[in-house]
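The values are calculated or read from the model by the stated rules, or taken from the named source; none is laboratory data. Everything quoted here is computed from the prediction, not taken from an experiment. No Cβ is skipped: glycine too gets one built from the backbone with ideal geometry, and neighbour counts run over all protein chains shown.
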Amino acid sequence: MAQSDNGFHVPSMIAVAAGLGEQTPVLSAILAELRSGTLEMSVSDAQRRELILNKFPVTGAKRALVYRTGNGNDAAAVATATYAAPIQAVVLNANQARLGGRIVNTGTNAIVLYLTERPVPVVGVPAVYLAASGGAWDLLLGNVLWCGNVSAVAQTGASTLTVAEV
């Protein structure tokens, strides 16, 4: 309770404290509502077009259009390697700002992607198998985007990857 210097309760301070106590749940509800809107991210290479579209596509939702040029390769050569003779084969460098991407095996031999920058193949590092002629990975591990390095090793003979990230 609010007290004066002489130890007595001050009615005006009690009223202020009670009023603040009543406003706190209302302010919390307003803040929760403001933070609950849906935000959709989209990227484009249209320069100077970064913007936020409010009420898109409906009231309560927003779309953030972000300028990104992307990164990739339409014919990344992937060699074979063994544990006895590993190779440095990074096909996608780590990128903390990565929003998404896709790696597709366009070659005729299977490929294993290793989530590391170390020489590959390497035991104990997460790996993703890509089947020949179309095996693909969208850089997701469950619903989490991988933003680290990706290295590749072809399995029975050289192969090719198509790589895109934004």
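Structure notes:
- Filtered residues of the stretch 106-124 (kept if of a type in the set (Val, Ile, Thr), under 12 Å from residue 152 (Cα atoms) and in a loop (DSSP other than H, G, I, E, B)): 116, 122
- Within the stretch 31-40, being in contact with a Gly (Cβ under 9 Å, 6 or more places away or on another chain) and not in a loop (DSSP other than H, G, I, E, B) holds for one residue alone: 38.
- Residue 98 being under 23 Å from residue 160 (Cα atoms), among the basic types (Lys, Arg) and in a loop (DSSP other than H, G, I, E, B): yes
- Among the residues of the stretch 64-90, those identified as among the hydrophobic types (A, V, I, L, M, F, W, C), surrounded by 15 or more Cβ atoms within 10 Å (Cβ to Cβ) and under 15 Å from residue 118 (Cα atoms) are 81, 87, 89, 90.
Residues checked against (1) aliphatic (A, V, I, L, M); (2) touching a His at 6+ places or on another chain (Cβ under 7 Å); (3) closer than 30 Å to residue 48 by Cα; (4) buried (at least 16 other Cβ atoms within 10 Å of the Cβ):
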site	(1), (2), (3), (4)
62	no, no, yes, no
92	yes, no, yes, yes
120	yes, no, no, yes
123	yes, no, no, no
133	no, no, no, no
165	no, no, yes, yes
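- As for the stretch 90-100, it holds at least one residue that is closer than 18 Å to residue 149 by Cβ and basic (Lys, Arg).
- Matching residues in the stretch 31-55 - criterion: being modelled with pLDDT of 75 or more and among the hydroxyl-bearing types (Ser, Thr, Tyr): 38, 42, 44
- Residue within the stretch 136-154 that is among the β-branched types (Val, Ile, Thr) and under 17 Å from residue 87 (Cβ atoms) present: yes
- From the list 28, 12, the lone residue that is out of contact with any helix residue (DSSP H, G or I) (no Cβ under 7 Å at 6 or more places or on another chain), modelled with pLDDT of 70 or more, surrounded by 10 or more Cβ atoms within 10 Å (Cβ to Cβ) and assigned to a helix (DSSP H, G or I) is 28.
- Condition check for residue 157: within 21 Å of residue 71 (Cα to Cα) and assigned to a loop (DSSP other than H, G, I, E, B): no
- Among the candidates 150, 144, 128, residue that is within 23 Å of residue 66 (Cα to Cα), within 20 Å of the chain's Cα centre (by Cα) and not charged (D, E, K, R): 144
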